[in-house]
Amino acid sequence: MRYLFIILFLLPSLSAERVIFRDVPLDTIITDLSLLLSKPIVIDSNISVDSITLDSLDADSAEVLRQALLANGIALLDQGDVFRAMPVRMHDRATWDHKVITPKFANAQDIVNTVSIILSQANRSDDDVSTTYDADTSVTLDARSNSVIVSGSENDVFRLAALVKSLDVSVPLVYLECLVMTVTSSDLNRSGIESLNLNMTPFGENISFSGFSSSGVISPESLSLVLDASRTRSDVNIEQTPSLVVRHNHTGRISVGESRPVVSGVVDTEQASRSSVEYLEIGLDLKITPFITDSEILLQLDQRQSTISDTVVLAGESYPVLSRRTTASTFSVAPGQTLVFGGLKQKTKRRVKSFFFGFVPAGSSSETINSELIVMITAKRFN
């Protein structure tokens, strides 16, 4: 007696066939499918399923029976003269495959890391074979050719290849125009940014953390005034004007400063004394990581500042005291806006000569000068 129930629903413009299986013996399904395919089907000894259950709207009878088997963990392997009904996992092993995929845009290592996480989190105990992967399915990196090697069943390789392709997209770029300048002033209570008289809009809620003495954004017109001032004012000196092209969520780096030699030790011998010297990095080390949103560009700044704050005498030798400060901030700017921030200050003393009537020497005096390093970054989307 057949356990196949077919219910026909007649609609005005569509005839659909609904097929319902409720605990149909496996032998019955295999016999019907063998007749439809005109080929014998051998049941593998590893199959432990006795009955089949399915609720389908597919009208193709042969395909319905295949779906019924697949939904219950059974797949058909074409072996030429016969089909072999076997567990899905064994069928996948019988069709094991490899595929080498070379990304056009992405780094293969990044893709391998992402896909590996997806594989590790897949619920392999789930009965739905469309959402699981074989336990031995893998993705491997070929660093030499920047390629991804996918190994697994035909079905797993097909799905993972589609996943790799969806991850291999062009990452947007950000063009960063940077201006690093030094502003000096004898007014110790006035910052370098104040000395420039910038029409600056301070940051408010859109700054996550500020480690800078003053910061904000200026318009392109204000930036032009700064460039003009650097040509005419003796207290404004441009140190560097680097330009960077950085990928979204990647890091660019700017370093401004000097390596200063310091005696780290003295070795006395019978012939002579020898000093060992090491170099201290003095200045600004700035890492910039841009993130592109629909309307803004987020700039994550990691700043490391090193200055000589004092000197100390040890064993008759003078050694510098190094002051370091590390800050991390996130700024939000519109494309084309210029971010301005300062904070790297250093005080120095200099001798100033005075004259009577502009030419008669009248002695000299000591003057303390405040020097501040100011950084300006203009962020634009790079096409």
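The values are calculated or read from the model by the stated rules, or taken from the named source; none is laboratory data. Computed from a prediction, not measured in an experiment: that's the story for all the values here. For neighbour counting, all protein chains shown are included, and Cβ atoms are generated from backbone atoms with ideal geometry for every residue, glycine included. With ligands, DNA and RNA removed, areas are computed over all heavy atoms of the protein, side chains included. Shrake-Rupley method; radii C 1.70, N 1.55, O 1.52, S 1.80 Å.
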- Message: Going residue by residue through segment 310-332, is there one that turns out to be open to solvent by less than 50 Å² (accessible area, probe 1.4 Å), of a type outside the set (Asp, Glu), in contact (Cβ under 8 Å) with a residue 12 or more places away in the chain and in contact with a Pro (Cβ under 8 Å, 6 or more places away or on another chain)?
- Response: no
- Please work out if Leu322 is closer than 22 Å to Thr182 by Cα and either modelled with pLDDT of 80 or more or of a type in the set (D, E, K, R) (or both). no
- Index of the failed condition, Ser306 passing every other in (1) modelled with pLDDT under 75; (2) among the polar types (S, T, N, Q); (3) open to solvent by less than 50 Å² (accessible area, probe 1.4 Å): (1)
- Query: When you look at Val100, is it more than 20 Å from the chain's Cα centre (by Cα), modelled with pLDDT of 90 or more and over 19 Å from Gln67 (Cα atoms), yes or no?
  - Reply: yes
- Task: Kindly provide the set of residues from segment 153-175 that are out of contact with any helix residue (DSSP H, G or I) (no Cβ under 9 Å at 6 or more places or on another chain) and touching a residue at least 12 places away in the same chain (Cβ under 8 Å), ordered by number.
- Result: Val157, Ala161, Lys165, Val169, Ser170, Val171, Pro172, Leu173, Val174, Tyr175
